[in-house]
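Please read the structure below before turning to the comments.
The values are calculated or read from the model by the stated rules, or taken from the named source; none is laboratory data. Just so we're clear, the structure is a prediction, and the values are computed from it rather than from any experiment. Cβ coordinates were reconstructed from backbone atoms using ideal geometry, including for glycine residues, and neighbour counts include every protein chain displayed.
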Amino acid sequence: MAASDFDVAVVGGGLVGVATAWGLAREGCRVVVLDEGDRAVRASRGNFALVWVQSKGLGLPEYAGWTIRSSNAWGGFAQTLKEETGLDVAFQRPGGFHLALSGKELEARANILKRLHNQPGIVDYKTEIMDRSQVAKMLPDIGPEVVGGSFCPLDGHVNSLRLFRTLHTAIKARGVTYLPSHRVETITKEGGEFRLATAQGEIRAGKVALAAGNANMRLAPMVGLEAPMKPERGQIVVTERLRPFLNHPVVTLRQTDEGTVMIGDSKEESIDPAGLTLGVSATEAERAVRLFPLLANVNVVRTWSAIRVMTQDGFPIYDESETHPGAFTICCHSGVTLAANHALTVAPMIARGALDTSLVAPFSARRFHVQATG
Amino acid sequence: MFKRLAETGAAVAITVDGRQIAARAGDTVAAALIAAGIDHCRTTPVSGAPRAPYCLMGVCFECLVTVDGVGSRQGCLVPVRDGMAVETQTGKREAGR
Ligand SMILES: Cc1cc2nc3c(=O)[nH]c(=O)nc-3n(C[C@H](O)[C@H](O)[C@H](O)COP(=O)(O)OP(=O)(O)OC[C@H]3O[C@@H](n4cnc5c(N)ncnc54)[C@H](O)[C@@H]3O)c2cc1C
Ligand code: FES
């Protein structure tokens, strides 16, 4: 192999890329992260910050196990980041709720959980359906319309922007080279090394990890991989800072460590990151007030929309190239939840040069072929 | 530190944290607080730093106070009214107030 400048080039400096880069640096790799400029579309700057387990894995039971693995690793991950950077990402795992505003909603919820649990090979989620009085003991401020909900003790949340900043601080401290405004145009493999062409010049590395979010769709085929994506827009409403009243995150509503309430969970097919559908924000806010009436006269200080990195079936893609050994894809929705896995499990596999199929085989993009031909 | 240029407008009585202060018709709550020599109207939610009205035109949100039981109103946009009860705010607002 040629003496490349770097052992691994990570393409994309979002949460997935920096978590992976940090993990690679911990394994002793010389790492470069190639990222776009400040105007890039980044899910990592606009997400809802849940480290979420309940509901994950319907249709692919291994995804539930993979998510729980990350949820369980998250506490140690946050602690290590704090030791390395002095920054606290405010990870908490008090357990989280899905709340229902009608008997019909609660029944639908129970049904989903039942279908999830009935899948062969599913790990136990420990999710339980609670009636109104049980919920009220843990969330005393619920409104009169709340009939019950589901609770999963593994659910938690973090301060997501601080996580992003902390990971960038941590990779810098570990000597990772971060190159913003280095959009990768093409990737080729020559003489045993990868050549990544950018307008700023060529970067060479022994391996390449594609963590460019939805842009993996364009990049992956250059190294014999594929990443079929279906981007989707989500909107979030943020209130002024309030005294703590919500001890558990609810899937559509959470109170941050600094007091703001974030409301969101919308899905739209639009992929315009600058647009905002006011009606969607209004619907989100209206439902939030029905869940917690004390929010009725609270001030909204921000709203935003962001584009989700979404594979066509919603499950992660982890792959290594057969035609271009040393090229990997890491692509997923829920990059906050899975950050601990990317840093502590996937990065060491890439450092070793091979994915551990016993853990990630179900997440290969080859699954899309089965569907296309079957 | 501040003094009125002229004693225009009829006298209006409002309370701040229960204490009566003399305001003038046409004052905003923020102007009345400043004229009464009150040096801060709130402390910030995260660091607890004291804050006073600043831009006086609705932009900076430094002037947040509780007016007649409703929290986080911009004092510089609310005209005083006889009998109004203003409360200064400490840290984060309590939801429902
Ligand atoms: C509204 C919303 C709510 C969400 N809520 C949650 C949640 O509660 N919990 C959770 O776990 N997840 C949540 N997510 C998902 C999570 O934010 C994403 O999974 C995660 O941020 C994806 O990170 P990423 O690094 O793959 O992508 P991105 O953050 O999109 O980063 C991709 C990076 O690649 C760069 N790039 C693209 N093309 C190139 C190129 N050619 N060369 C170099 N660089 C390139 C871009 O500039 C960008 O920096 C949410 C997402 C949204 C939008
Ligand atoms: S003083 Fe700036 S908004 Fe009121």
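Data table
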| quantity | calculated |
| --- | --- |
| Test result for B:Arg93, modelled with pLDDT of 95 or more and within 16 Å of ligand 2 (Cβ to nearest atom) | no |
| Members of segment A:230-253 that are touching a residue at least 24 places away in the same chain (Cβ under 8 Å), within 14 Å of another protein chain (Cβ to nearest Cβ) and of a type outside the set (Ser, Thr, Tyr) | A:Val238, A:Glu240, A:Leu242, A:Phe245, A:Leu246, A:Asn247, A:Leu253 |
| Residue ranges of helices (runs of 4 or more DSSP H) in segment A:1-120 with at least 2 members more than 16 Å from ligand 2 (Cβ to nearest atom) and free of Cβ contacts under 8 Å to residues at least 12 places away in the same chain | A:61-85, A:103-117 |
| When residues of segment A:275-304 are limited to those that are in contact (Cβ under 8 Å) with a residue 24 or more places away in the chain and small (Gly, Ala, Ser), the one surrounded by the most Cβ atoms within 10 Å (Cβ to Cβ) | A:Ala288 |
| Boolean, B:Thr44 is among the polar types (S, T, N, Q), surrounded by fewer than 22 Cβ atoms within 10 Å (Cβ to Cβ) and more than 10 Å from ligand 2 (Cβ to nearest atom) | yes |
| Some residue of segment B:15-34 being over 13 Å from B:Met84 (Cβ atoms), touching a strand residue (DSSP E or B) at 6+ places or on another chain (Cβ under 7 Å) and β-branched (Val, Ile, Thr) | no |
| Considering residues of segment B:27-39 that are of a type outside the set (Val, Ile, Thr) and either surrounded by 13 or more Cβ atoms within 10 Å (Cβ to Cβ) or within 16 Å of ligand 1 (Cβ to nearest atom) (or both) only, the residue nearest to the other protein chains (Cβ to nearest Cβ) | B:Ala30 |
| Among (1) on the phi > 0 side of the Ramachandran plot; (2) surrounded by fewer than 16 Cβ atoms within 10 Å (Cβ to Cβ); (3) part of a strand (DSSP E or B) - the single one B:Ala22 does not satisfy | (1) |
| Set A:Val53, A:Val8, A:Val18: member being within 9 Å of ligand 1 (Cβ to nearest atom) and modelled with pLDDT of 95 or more | A:Val18 |
| Qualifying positions in segment A:334-365 - in a loop (DSSP other than H, G, I, E, B) and without any contact (Cβ under 8 Å) to a residue 40 or more places away in the chain | A:Ala354, A:Leu355, A:Asp356 |
| Members of segment B:67-97 that are at negative phi and more than 13 Å from every other protein chain (Cβ to nearest Cβ) | B:Gly75, B:Cys76, B:Val78, B:Pro79, B:Val80, B:Arg81, B:Asp82, B:Met84, B:Ala85, B:Val86, B:Glu87, B:Thr88 |
| Subset of segment A:315-374 [within 16 Å of ligand 1 (Cβ to nearest atom) and acidic (Asp, Glu)] | A:Asp319 |
| Segment B:49-66, residues that are surrounded by fewer than 22 Cβ atoms within 10 Å (Cβ to Cβ) and either near ligand 2 (Cβ under 6 Å from one of its atoms) or within 12 Å of another protein chain (Cβ to nearest Cβ) (or both) | B:Tyr54, B:Cys55, B:Leu56, B:Gly58, B:Val59, B:Cys60, B:Phe61, B:Glu62, B:Thr66 |
| Given (1) touching a strand residue (DSSP E or B) at 6+ places or on another chain (Cβ under 9 Å); (2) in the same structural domain as A:His342 (by TED's automatic domain parsing), number of the condition A:Gly23 does not satisfy | (1) |
| Residue under evaluation A:Pro221, criteria (1) buried (at least 20 other Cβ atoms within 10 Å of the Cβ); (2) part of a helix (DSSP H, G or I); (3) more than 10 Å from ligand 1 (Cβ to nearest atom), criterion not met | (1) |
| Qualifying positions in segment A:194-213 - touching a residue at least 24 places away in the same chain (Cβ under 8 Å) and either surrounded by fewer than 21 Cβ atoms within 10 Å (Cβ to Cβ) or not assigned by TED's automatic domain parsing to the domain that holds A:Val346 (or both) | A:Thr198, A:Arg204, A:Gly206 |
